[in-house]
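Peer 1: There's a structure below that I have some questions on.
Values in this text are rule-based calculations from the coordinates and carry no lab data. Bear in mind that the values here come from a model prediction, so they are computed numbers and not experimental data. Neighbour counts run over all protein chains shown; Cβ positions are idealised from the backbone, glycine included.
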Amino acid sequence: MSVDIRLASSRPVGADLYHGENPGNIVTPGDVITADTGFMRGHGTYMEDDCLHASVAGTVERVNKLISVRPLKTRYNGEIGDVVIGRIRELAQKRWKVETHSRMDSVLMLSSVNLPGGELRRRSEEDEKMMRHYLKEGDLISAEVQNVMSDGCLSLHTRSLKYGKLGQGCLVCVSPSLVLRRKTHFHNLPIGASIILGNNGYIWISPTAQDKSEESGGYETNLQPVPKSDREVIARLRNCVLALAECKMLLFDTCILYAYEASLKYAVKDVLKPEVGVEVVDLVRQRLELEGS
């Protein structure tokens, strides 16, 4: 087995990889954003000496008279309607506690999930006893943010058949700020794989399901062996996502597919090499600029 060992001095410098259009829009804690008193103070800012200062490192965002700073690296701040991927951490009374990369554990109520067979009725004591049969500790799920509570805790639901328990696949964790908000976050790519781009920075890559059983209510998973060709596609997609995240590219279905196509001339493991990753990402940028995306 070949091993690739590199010295720290030979690694690419992060600043050299930045291709932002307006690097002057990035501020660090303590930087003066504006001395104009006509602006309102938003998140990530504070007033001092009649000047508006940044309290976090990030990009300045202006909405009319409101100025805020969006952190470059932060925990997930959920919004209603967001698609998230989480892991069951604990079972409590009529609820599951889910880890979703936010400041607090999210809550999935028993009344917010589909019952097996799609039954519509009140949850009984028998349903509460069967909670661990539906979802147990360690299970991965896809869900939607139903409500954001006053303390910042997220309330989730899986009432749609597209949500539920996740089976065989690969979980990739990136910064939530890199996932582009779009109308849909579920994508069946034409290369034989499906991808779920969670707004919380968790990305799920799995083989495309041939048929979906609506009878199980999203609790049964296919545990049949995955063919080697599908595993290679998933591994290549995972490495492409990590390469894009390393170069701070916004993640959406088109750029991930372009990165996959640009990486086909390399071996799967070589995509993780810094110089190969930079070359793949540059090809993706050029293609997106040509198409005006």
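Peer 1: What are the lysines whose alpha-carbon lies under 18 Å from the alpha-carbon of Lys265, with same-chain residues fewer than 8 places away excluded?
Peer 2: Lys273
Peer 1: Now a separate question. For Lys97, go through the aspartates and glutamates and keep the ones whose alpha-carbon is under 16 Å away, minus same-chain ones fewer than eight residues off.
Peer 2: Partners found: Asp105, Glu128, Glu137, Asp139, Glu144, Asp151.
Peer 1: Which is farthest toward the positive dipole end of the chain among Ile203, Gln93, Gly44, measuring Cα position about the Cα centre, with Cβ charges +1 (Lys, Arg) and -1 (Asp, Glu)?
Peer 2: Selected residue: Gln93.
Peer 1: Tell me, what is the percent relative contact order of the chain, built from C-alpha pairs under 8 Å that lie six or more residues apart?
Peer 2: Values: 531 pairs, mean separation 40.0, N = 293.
Answer for the chain is 14 percent.
Peer 1: Among Ser112, Gln146, Thr28, whose Cα projects farthest towards the positive end of the dipole of the chain, with charges put on the beta-carbon of Lys, Arg (+1) and Asp, Glu (-1)?
Peer 2: Farthest towards the positive end: Ser112.
Peer 1: May I pose another question? Note down the magnitude of the dipole of the chain about its Cα centre, charges +1 on Lys and Arg C-beta and -1 on Asp and Glu C-beta and zero elsewhere, to the nearest 20 debye.
Peer 2: Computed about the Cα centre, the dipole is about 520 debye.
Peer 1: Averaged over all directions, how much area does the convex hull of the C-alpha atoms of the chain cover when projected, in nm²?
Peer 2: Numbers: hull surface 78.6 nm².
That works out to 19.7 nm².
Peer 1: What 222 nm value per residue comes from the helices of the chain, counting each DSSP H run with n ≥ 4 as -39,500 (n - 2.57) and dividing by all residues, nearest 500 deg cm²/dmol? Each step should come with its number before you reach the end.
Peer 2: Numbers: 5 runs with 56 residues, N = 293.
Roughly -6000 deg cm²/dmol at 222 nm, from the helical runs in the chain.
Peer 1: Amide H neighbours of Lys273 under 5 Å, counting only residues 5+ apart in sequence or on other chains, H built in-plane at 1.01 Å?
Peer 2: none
Peer 1: A further question on this structure: Using θ = phi - 60° and the Karplus form 6.51 cos²θ - 1.76 cosθ + 1.60, what ³J(HN,Hα) does each residue of region 167-176 get, whole Hz, x for Gly and Pro?
Peer 2: x, 8, x, 9, 9, 10, 10, 10, 5, x
Peer 1: Would you work out which of Val276, Val172, Ser160 lies farthest towards the positive end of the dipole of the chain, given +1 charges on the beta-carbon of Lys and Arg and -1 on that of Asp and Glu, about the Cα centre?
Peer 2: Ser160
Peer 1: Would you work out the charge dipole size for region 122-266 about its Cα centre, treating the Cβ of every Lys and Arg as +1 and the Cβ of every Asp and Glu as -1, and quote it to the nearest 20 debye?
Peer 2: Numbers: 18 positive and 17 negative charges, 88 e Å.
Once rounded to the nearest 20, the dipole reads 420 debye.
Peer 1: If you build the Cα gyration tensor of region 89-248 and take the root of 5 times each eigenvalue, what three semi-axes come out, in whole angstrom, biggest first? Walk me through the numbers before you get to the answer.
Peer 2: On the way: eigenvalues 151, 85, 33 Å².
For region 89-248, the semi-axes come out at 27, 21, 13 Å.
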